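Quick notes on the structure that follows.
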Amino acid sequence: MAKNKDKVQEITPMSEDFAQWYTDVILKTEMVDYAPVKGFMVIRPYGYAIWENIQSAYDKRFKETGHKNVYFPLLIPESLLQKEAEHVEGFAPEVAWVTHGGHERLAERLCVRPTSETIICSMYSKWLKSWRDLPYLYNQWCSVVRWEKSTRPFLRTSEFLWQEGHTLHETYDEAQAETLQMLDIYREVAEEHMAMPMIVGQKSESEKFAGAFATYTMEALMHDGKALQSGTSHNLGQHFTKAFDITFTGRNGELEHPFHTSWGVSTRLIGGLIMVHGDDNGLVLPPKIAPTQVVVIPIAQHKEGVLDKAYEIKKQLEEEFRVEIDASDEYSPGWKFNQWEMKGVPIRLEIGPRDIEKNQVVVARRDNGEKTTLSMDNLNKSIEELLEDIQQSLYNKALKMRQEKTFVAKNMEEFKEIIHDTPGFIKAMWCGDETCEAKIKEETKATIRCIPFAQEDLGTDECICCGKKSDDMVYFARAY
Ligand SMILES: [Zn+2]
């Protein structure tokens, strides 16, 4: 039994060491493990089930907005990568190369895709003929490799799972509308399914995607006051379509280059989910994303009728929810409570002989620890309402946390004080000059997360760094 007892292990408190808390949570809940190759991760069943729920929520919205899934190869010839100068420069430092096929050296090096613009564009140039073929609305679910020097599971790994949408349009306006539509879908699913409030806006020139005309982003704030870039959508203009000679015959009979977008979210979102909702007892999962929404734990299960009733309730709930029962006789109920709490399951149901007598179940909420009883009559309806309430409460709690960690700075002195004492988002005015941006980054390690669509009047129009008149309020933060 001693060995079993160890299984519910203590998690380092967040306040003591946030990074260690994160590592404890992801390893002890068996979401992920370190792979034999440094910087790579193994996603275990519990982590992968979370990814599948995120994936299906996004995939549904992509399809509802007319996108189709495709698959392009993992390997890209070096000559293709070289075609767009800014792009290759941006990705070169982190590209992994294949140089041999079996024992033979290849005539041309092949890169393991860090992203697929180049290979997709090379195929689009072959396929596209007429304006009637447009728009191209394609998406692929795959993994990409970016050889990173310092890695953390989910947040930054040398290989990660993601989706990449790649679309072509007849006009600039259509491409811009697509770019913003996809950002909005990213935000909507993150907020409604993952209960993660997002700040949406545009990236500064220095933070935009290599080769993009404009990059838009959604940014979330973690418990430790650091920001997480959680999804980006790029208006690529005609950079790639010109470099790859993608043309179509326009309405007037002339050859034209289409306008291009790309957009992606990745397993990074799981890291965000953990760091927005988690607590000292482990994961806290929003019901819509949780692999298990309800766990049923029989109490005094050796007593007559208890297990039968517990299974009966499980069966009844399974018609609508993702349900598990923990009826192993190896562990005490207390051990099981801790275990499922650590795994972040939104609702725990306890059923013992006295509950059966009273036609009730005991219900414990993971988000706030509240314990109540519910009648077994109309239990599905009660659970449905409870799950909805938990989903909303988690969003509200995360929003409140973000608001409490969002500050305004009117000068550098204030800025440095906030970054040092109370890390979080800092709203400040910025003149648009890259020199100011770089100086702030060097002195404080804070970067411009975005120029938000929702601009606010901070009562000053002076750049936080140089004092020049500024039009833009921006969000700064230290970021993952
Ligand atoms: Zn300035």
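The values are calculated or read from the model by the stated rules, or taken from the named source; none is laboratory data. Just so it is clear, the model here is predicted, and its values are computed rather than measured. All Cβ positions, glycine included, derive from the backbone under ideal geometry; neighbour counts span all protein chains shown. For the accessible areas, the whole protein counts, side chains as well, though only heavy atoms, and no ligand, DNA or RNA atoms are used. Shrake-Rupley method; radii C 1.70, N 1.55, O 1.52, S 1.80 Å.
For region 131-163, give me the residue count where each residue is among the basic types (Lys, Arg) and in contact with a Phe, Trp or Tyr (Cβ under 8 Å, 6 or more places away or on another chain). Full working, then the answer.
Keep residues of region 131-163 that are among the basic types (Lys, Arg), which gives 132, 146, 149, 152, 156.
If we keep only those that are in contact with a Phe, Trp or Tyr (Cβ under 8 Å, 6 or more places away or on another chain) too, we end up with 146, 152, 156.
Of the residues in region 131-163, 3 are among the basic types (Lys, Arg) and in contact with a Phe, Trp or Tyr (Cβ under 8 Å, 6 or more places away or on another chain).
Within region 428-443, which residues are on the phi < 0 side of the Ramachandran plot and open to solvent by 30 Å² or more (accessible area, probe 1.4 Å)?
Initial filter on region 428-443 (on the phi < 0 side of the Ramachandran plot): 428-431, 433-443.
CYS431, ASP433, GLU434, THR435, ALA438, LYS439, LYS441, GLU442, GLU443 - these are the residues of region 428-443 that are on the phi < 0 side of the Ramachandran plot and open to solvent by 30 Å² or more (accessible area, probe 1.4 Å).
Could you tell me which residue of region 204-220 is modelled with the lowest pLDDT, considering only residues that are open to solvent by less than 10 Å² (accessible area, probe 1.4 Å) and of a type outside the set (Asp, Glu)? Can you show your working first?
Taking region 204-220 as the starting set, the residues that turn out to be open to solvent by less than 10 Å² (accessible area, probe 1.4 Å) are 204, 211-212, 214-215, 217-220.
The next check asks that each one be of a type outside the set (Asp, Glu); those that pass are 204, 211-212, 214-215, 217-218, 220.
Details: SER204: 95, GLY211: 80, ALA212: 86, ALA214: 96, THR215: 97, THR217: 98, MET218: 98, ALA220: 98.
If we take residues in region 204-220 being open to solvent by less than 10 Å² (accessible area, probe 1.4 Å) and of a type outside the set (Asp, Glu), then GLY211 is modelled with the lowest pLDDT.
Could you grab the pairs with beta carbons closer than 6 Å, sequence gap of 6+ or different chains, first residue in region 439-454 and assigned by TED's automatic domain parsing to the domain that holds ILE419, second one acidic (Asp, Glu) and buried (at least 19 other Cβ atoms within 10 Å of the Cβ)?
Note: pairs meeting the criteria are ILE448/GLU437; ARG449/GLU219; CYS450/GLU219.
So in region 317-330, with the set limited to residues that are outside any strand (DSSP E or B) and within 15 Å of LEU387 (Cβ to Cβ), which one is least open to solvent (accessible area, probe 1.4 Å)? Show your work before the answer.
Of region 317-330, the ones outside any strand (DSSP E or B) are 317-322, 326-330.
Adding the requirement that they be within 15 Å of LEU387 (Cβ to Cβ) leaves 317-322.
Values: LEU317: 0, GLU318: 83, GLU319: 148, GLU320: 101, PHE321: 24, ARG322: 82 Å².
Among residues in region 317-330 that are outside any strand (DSSP E or B) and within 15 Å of LEU387 (Cβ to Cβ), the one least open to solvent (accessible area, probe 1.4 Å) is LEU317.
Looking at the structure I just gave you, is VAL88 more than 29 Å from ASP280 (Cα to Cα), among the β-branched types (Val, Ile, Thr) and in a loop (DSSP other than H, G, I, E, B)? Talk me through it step by step, then tell me what you get.
Working: more than 29 Å from ASP280 (Cα to Cα): yes; among the β-branched types (Val, Ile, Thr): yes; in a loop (DSSP other than H, G, I, E, B): no.
It is false that VAL88 is more than 29 Å from ASP280 (Cα to Cα), among the β-branched types (Val, Ile, Thr) and in a loop (DSSP other than H, G, I, E, B).
Among the residues of region 413-429, write down those that are of a type outside the set (Lys, Arg), free of Cβ contacts under 8 Å to residues at least 60 places away in the same chain and in contact with a helix residue (DSSP H, G or I) (Cβ under 8 Å, 6 or more places away or on another chain). Steps first, please.
Within region 413-429, the first condition is being of a type outside the set (Lys, Arg), and the residues that meet it are 413-415, 417-426, 428-429.
Okay, now just the ones that are also free of Cβ contacts under 8 Å to residues at least 60 places away in the same chain, so 413-414, 417-421, 426, 428-429.
Scanning region 413-429 gives ILE419, ILE426, ALA428.
If you scan region 444-473, which residues turn out to be open to solvent by 90 Å² or more (accessible area, probe 1.4 Å) and more than 8 Å from the ligand (Cβ to nearest atom)?
LYS445, PHE453, ASP457, GLU462, LYS469, ASP471
Within region 41-62, does at least one residue satisfy the condition of being over 20 Å from the mean Cα position of the chain (by Cα) and open to solvent by less than 70 Å² (accessible area, probe 1.4 Å)? So that I can check it myself, show each step before the final result.
In the first step, residues of region 41-62 are kept if they are over 20 Å from the mean Cα position of the chain (by Cα); the result is none.
No - not one qualifying residue is present in region 41-62.
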